[in-house]
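One structure is given below, encoded as structure tokens.
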Amino acid sequence: MKRKYPTVPSSIPDDAGKKHPEIRTLYPGIELSFFSVSGKDSFHVCHDPMAHMLEINYCISGRIGWHMSNGNQIYLGPGDFSLNTMDICGNSTITLPNGSYKGLAISIDLEQLSANPPAPLIGANITGELLREKYCKDGLCTALAGSEAVQNIFKAFYQSPEEIRLAYQKIKVLELLLVLSRMETGHEKRLTEYRSEQVEIIRRIHDQLTRNMEQRYSIESLSKQFLMNPTTLKSMFKAIYGTSVAAHIREHRMEYAAQLLQTSNLSIADIAMKVGYDSQSRFSSVFKSQYQMLPKEYRRKYMEGMSVPEILE
């Protein structure tokens, strides 16, 4: 099939740490693409507004956020997926809250699906109009936390044996369409959309925490400083970054500590202070839980030129 449109991920600039997407045509009008992108910046996406094209995005790993043209933002984490017609994302911004994202996208020509569905779906009454009305009515982007059954369908697109993967993908996209056509969306967990103004506040909070890791902040103090309800602050932070405020800043502290252990002659006690720990023993315990070794062991192995473990997911 001659490509008539760009997928949203392939519209990200090539200098954004993007790997060339793998694209497969499964049926006329239905394409599957895999992509990987990394970076800390936001990426502007611009393509023709195509109301007849449905895009289904599924997060394999990392996190991604879309700032849609309606002013709302959605975030996908591992196992989440979204459905939207490609008119609402034609002029949007993509963000990577944690610096990387791997996912798959299924693009479907809704007009072709109605006029000429894949042979196994003939008579199943799965039309482009049905999918558009159900998931994309009035410019809606539907974002869902997939159930185990839905996640198993998506996983088969990339976890099946290589020698039979294309056959699996052709079967699974039909299964996915059948499930989507019958799914009661109220039974799936809808992901919350957030206003851009709220998201900007959370980003400012994140920047303050990560730029001042020697300081300790409470949820209450941040809530007062940024004039945001504590419950809203906690829930939005987790939706955007995937973990709680405490867990997220702890990971950043340990990453910075590992960097200091590699690049400085500071004592363990001084490094502990720089990442917000008055107690060296407490710091060492937290560091070990993340890197599976004490700070002094980590430094010794690095100095000896041995490999050190990656940060735990």
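The values are calculated or read from the model by the stated rules, or taken from the named source; none is laboratory data. In this text the structure is predicted, and so the values were computed from the model without any measurement. Glycine gets a Cβ as well: all are built from the backbone with ideal geometry, and neighbour counts include every protein chain shown. Heads up: the accessible areas ignore ligands, DNA and RNA and are worked out on the full protein's heavy atoms, side chains in. Shrake-Rupley method; radii C 1.70, N 1.55, O 1.52, S 1.80 Å.
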message = Based on this model, can you work out whether Met273 counts as on the phi < 0 side of the Ramachandran plot, within 32 Å of the chain's Cα centre (by Cα) and of a type in the set (A, V, I, L, M)?
response = no
ask   = Only one of (1) of a type outside the set (Asp, Glu); (2) open to solvent by less than 40 Å² (accessible area, probe 1.4 Å); (3) within 32 Å of the chain's Cα centre (by Cα) fails for Ser264. Which number is that?
value = (3)
ask   = On the given criteria, is Gln208 at pLDDT below 90, under 25 Å from the mean Cα position of the chain (by Cα), more than 30 Å from Glu297 (Cβ to Cβ) and in a helix (DSSP H, G or I)?
value = no
task = Could you check how many residues of the stretch 278-307 are without any contact (Cβ under 8 Å) to a residue 24 or more places away in the chain and hydroxyl-bearing (Ser, Thr, Tyr)?
result = 6
